[in-house]
Amino acid sequence: MAIISNSTTIADAGAFSVSLGSQVLIKTLTASSSGTLSFVHGSSSVVLDSTYPIYLFKFINCHPSANADFVFNASADTGSNYNVTKTTSFFHNQVNEAGNYHNLAYQTGNDVAQGTGVATLSRKIATGNDDATSGEMYLFNPASTTFVKHFMSRLKANQNISAQYNSDNFSSGYLNTTSAVNAIQFKFASGNIDSGTIKLYGIKDS
Amino acid sequence: MAVISNGTTLINAGALDSGVATGALTHIKTLTASSSSDLSFVHGASGVVLDGTYKEYVFKLINMHPASSAKMNMFFSTDSGSNYNATVTSSNFSAYHAEDDSATSLYNESDSDVAQGSTVPLIRNLGGDQADSSGVVIMHLFNPADTTFVKHFLTTDSYVYGSSYAAFSDRKAGYVNTTSAVNAVKFAMASGNIDSGTIKLYGVS
């Protein structure tokens, strides 16, 4: 049955005909001392294919069990192996809580050159009860079998190296494969994701 | 006919009621390149909305692939696309990492700055020599219909640089230095065509 109001079809054939917005929440994962949080297409209602041309991950207060980098990897075999080749860049802008240290710098220790290991999204997250990292990452057209898959991220972190810093972390690059990427995994480089939420959105095609 | 549930109006007068939550991002228009000399979004043409309807517009460029490696430029118009010559001042900084790990950098890319010019180098050197090379961009344009203030924009991108196999990322901020309404935006390669790629325009409520 269609729902028609003032001669305008609002819903028909089991779907809305009017726009409900172009950013669609696909899945929310919540950590609880979790080793990894993974979004695998076709598993647990996750959509990560050609349904959307752009996917957006939102990271909300991801808190580590140990001082570590927050990282991700990608899979082209539905999560059996997280080892897609990638080239990435990474830089950050820091200020310490004392306000006497300011640093905008490229971090060669956190980029990847045609490696299959993890890529850093946020660096050296502190473990204080109120410390965490939050931000977002765009992933473009993961289902393309023609082009590499670009990503761009920006995450803010409470960072602890030798002192407590506010850190603004920027990473971008490409998953250097023409196979479809159908799973993304997030974790801390060591220890667990004590707590935190990661949301996956699809940005609609039309 | 209105649709009312539990005393709350959900649908009335041919539309969802304003109290019904929908997403804040509204898709306006998609343009797809096929050996195209440019892709242009002109308010009022082909279903494009680029006026005071939204305070913020977002352009998403997906897998832009040129006929050959070249700069991709962006232009603004205040006369519905008759002339893409609105004045811009913008800054740019870039980070890159070579695939062979031979070079990295974070630097102010002054070649991509614009000082009261009308051509904005959106992507410095978009690789087209390899079939799988491409670039992506997100560009925010704020309040283009404003007739009091200049029009600010922010961009972030990721692309395969030229033929040198490097991951490049530029971040740009600037303003269209006019108090006239901006009502058209054009994207084009500095030389050659846009072989393929998609640009989507969204409005932010």
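Assess whether B:Ser133 counts as being more than 10 Å from chain A (Cβ to nearest Cβ), among the hydroxyl-bearing types (Ser, Thr, Tyr) and more than 12 Å from the chain's Cα centre (by Cα). Judged against the criteria, B:Ser133 is not a match. Restricting attention to region B:98-116, the residues that are more than 18 Å from B:Leu154 (Cβ to Cβ) and either touching an Asp or Glu at 6+ places or on another chain (Cβ under 7 Å) or not aliphatic (A, V, I, L, M) (or both) add up to 10. Checking each residue in region A:94-110 for being free of Cβ contacts under 8 Å to residues at least 40 places away in the same chain and assigned to a loop (DSSP other than H, G, I, E, B) picks out A:Gly99, A:Asn100, A:Gln107. If you go through region A:77-93 and pick out every residue that is at positive phi and part of a strand (DSSP E or B), you end up with 0. Consider region A:133-146 and keep the residues that are aliphatic (A, V, I, L, M) and either over 18 Å from A:Asn93 (Cβ atoms) or not in a strand (DSSP E or B) (or both). The one that is nearest to the other protein chains (Cβ to nearest Cβ) is A:Leu139.
Each residue in region A:111-132 was checked for being under 24 Å from A:Asn192 (Cα atoms) and either part of a strand (DSSP E or B) or under 18 Å from the mean Cα position of the chain (by Cα) (or both), and 14 pass.
Among strands (runs of 3 or more DSSP E) entirely within region B:1-104, having at least 1 residues that are buried (at least 20 other Cβ atoms within 10 Å of the Cβ), under 18 Å from the mean Cα position of the chain (by Cα) and β-branched (Val, Ile, Thr) singles out B:25-36, B:56-66, B:88-98. Evaluated against (1) farther than 17 Å from B:Ala184 by Cβ; (2) assigned to a loop (DSSP other than H, G, I, E, B); (3) among the acidic types (Asp, Glu), B:Asp111 falls short on exactly one condition, (2). Scanning region A:11-64 for residues that are in a strand (DSSP E or B) and without any contact (Cβ under 8 Å) to a residue 12 or more places away in the chain gives A:Ala11, A:Asp12, A:Ala15, A:Phe16. Residues that are in contact (Cβ under 8 Å) with a residue 60 or more places away in the chain and among the polar types (S, T, N, Q) were ranked within region A:183-206; the one that is farthest from A:Ala126 (Cα to Cα) is A:Gln185. For the criterion of being within 13 Å of chain A (Cβ to nearest Cβ) and over 28 Å from A:Asp205 (Cα atoms), B:Ser164 passes.
Readers should treat all values here as calculations from the given coordinates under stated rules, not as data from a laboratory. Here the structure is a predicted model, which means the values were calculated and not measured. Counting neighbours? That spans all protein chains shown, and the Cβs are built from the backbone with ideal geometry, glycine included.
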